[in-house]
Amino acid sequence: MNYLLFFIEGVLPYIAIIVFVLGTAYRLWRWLATPVPLRITMAPARMTWKGVAGKITAEVLLFISLLRSDRFLWVIAWTMHVFAIVVLVGTHFFGVIEHGIDLWTPYTVPAGKAIIYVAASFAFPLIITLLVLLFKRILTRDIRRISIPTDYVAIGLVLAHVMNGTYMSFFMEVDMAEVMKWGLGLMTLQPHVVEGSWLFALHTATAFSLFIYFPFSKLFHPLGQITNRWTMTQKEEKLIAGGSVVK
Ligand code: HEM
Ligand code: HEM
């Protein structure tokens, strides 16, 4: 047994899930417990539940603020997220179902393989959008000036992860039955290592590094956007400890 492989595929996933859950809870709690002395709601403010929910939904689904401020960045950033969702749902989610069925019965899902193949091809435009975001940061003088090293870590880690997944999927064979055994092993607390595939280990290492990095970095932005808009629309007496400034 290779100890490094065992650590990456059999130990790191558990560490990552614990750090992800506790880190996310801690960060959300810190944000919501911090008093907001000045309300910075921008007009037109939405104060009703319906209004707030609509604003948050528009932000999450359509990146509305970004659309209003930078059309080019919006196209690239929005399509990047959509391509990533297509890959994750179409190949990772349906792939697990398809290969799971393969393991236990000779039944094949009609069009199952086609869905996975089509969804997997979205990996290429996904890589292009990530590269455009990275190069925009490097080549645009003003963005480069305000970028800090961790900005590059976040996008670099996602790019490295997606690129090695794509190489594994299109340019080599991964034993999917072994991958399924790995997943089942994790769930039943009996870790199983996918022997002989360093690229799978790399894909797992980068995936779980993303989980660990998520609560402590700008990758946290999906939850940031939601809590930020929620806080901005609360009444002062709820925001200031002890209610020292009330209306
Ligand atoms: C509700 C879900 C999400 C929303 C609404 C959202 C929104 C956004 C927006 C508006 C941007 C552009 C920011 C800017 O440069 O001004 C962005 C960039 C980005 N997002 Fe998300 N995001 C979501 C989920 C995620 C997730 C789960 C990940 C991966 C862990 C992710 C990874 C990225 C990356 C890598 C960038 C590019 C950052 C850069 O240019 O340096 N996003 N996101
Ligand atoms: C622990 C979680 C993950 C595991 C175990 C995993 C596993 C795999 C495997 C086995 C493949 C190769 C599929 C094949 O050869 O048919 C693959 C491909 C890929 N993975 Fe992941 N993956 C994980 C998370 C992610 C995440 C979060 C992303 C982000 C978008 C991602 C992006 C990709 C891409 C773009 C490909 C290539 C296209 C495809 O066949 O799906 N993976 N992944």
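The values are calculated or read from the model by the stated rules, or taken from the named source; none is laboratory data. Computed from a prediction, not measured in an experiment: that's the story for all the values here. Cβ: placed from backbone, ideal geometry, glycine included. Neighbour counts: every protein chain shown.
Look at (1) assigned to a helix (DSSP H, G or I); (2) more than 14 Å from ligand 2 (Cβ to nearest atom); (3) free of Cβ contacts under 8 Å to residues at least 40 places away in the same chain; (4) of a type outside the set (Val, Ile, Thr) and you find that residue 110 fails only one, number (1). Scanning the range 147-167 for residues that are of a type in the set (S, T, N, Q) and more than 17 Å from residue 88 (Cα to Cα), we see that the one that is farthest from ligand 2 (Cβ to nearest atom) is 147. Is it the case that the range 200-208 has a residue that's assigned to a helix (DSSP H, G or I), within 14 Å of residue 84 (Cβ to Cβ) and touching a Leu at 6+ places or on another chain (Cβ under 6 Å)? No; the residues of the range 200-208 include none that is assigned to a helix (DSSP H, G or I), within 14 Å of residue 84 (Cβ to Cβ) and touching a Leu at 6+ places or on another chain (Cβ under 6 Å). When the residues of the range 168-199 are filtered to those that are among the β-branched types (Val, Ile, Thr) and farther than 28 Å from residue 81 by Cβ, which remaining residue is nearest to ligand 2 (Cβ to nearest atom)? Among residues in the range 168-199 that are among the β-branched types (Val, Ile, Thr) and farther than 28 Å from residue 81 by Cβ, the one nearest to ligand 2 (Cβ to nearest atom) is 194.
Which members of the range 147-156 meet the condition of being in a helix (DSSP H, G or I) and within 11 Å of ligand 1 (Cβ to nearest atom)?
Step one: of the range 147-156, the residues in a helix (DSSP H, G or I) are 149-156.
The answer is 150, 151, 152, 153, 154, 155, 156.
One residue alone among 159, 184, 189 is on the phi > 0 side of the Ramachandran plot and aliphatic (A, V, I, L, M), and that residue is 189.
Going by what's in this entry, would residue 94 be described as closer than 27 Å to residue 161 by Cα, in contact with a Leu (Cβ under 6 Å, 6 or more places away or on another chain) and within 15 Å of ligand 2 (Cβ to nearest atom)?
Judged against the criteria, residue 94 is not a match.
For residues in the range 170-199 being part of a loop (DSSP other than H, G, I, E, B) and charged (D, E, K, R), which is nearest to residue 6 (Cα to Cα)?
Within the range 170-199, the first condition is being part of a loop (DSSP other than H, G, I, E, B), and the residues that meet it are 172-175, 188-197.
Those still in the list that are charged (D, E, K, R) too: 173, 175, 195.
Details: 173: 21, 175: 17, 195: 10 Å.
Step by step, filter the range 170-199, then rank; the result is 195.
Counting just the residues of the range 218-247 that are part of a loop (DSSP other than H, G, I, E, B) and either modelled with pLDDT of 95 or more or of a type in the set (D, E, K, R) (or both), which one comes out nearest to residue 23 (Cα to Cα)?
It comes out as 235.
Of the residues in the range 125-142, at least one is acidic (Asp, Glu), in a helix (DSSP H, G or I) and away from ligand 2 (no atom under 11 Å from the Cβ). Within the range 101-120, if we keep just the residues that are at pLDDT 80 or above and of a type in the set (Gly, Ala, Ser), the residue that is surrounded by the most Cβ atoms within 10 Å (Cβ to Cβ) turns out to be 119.
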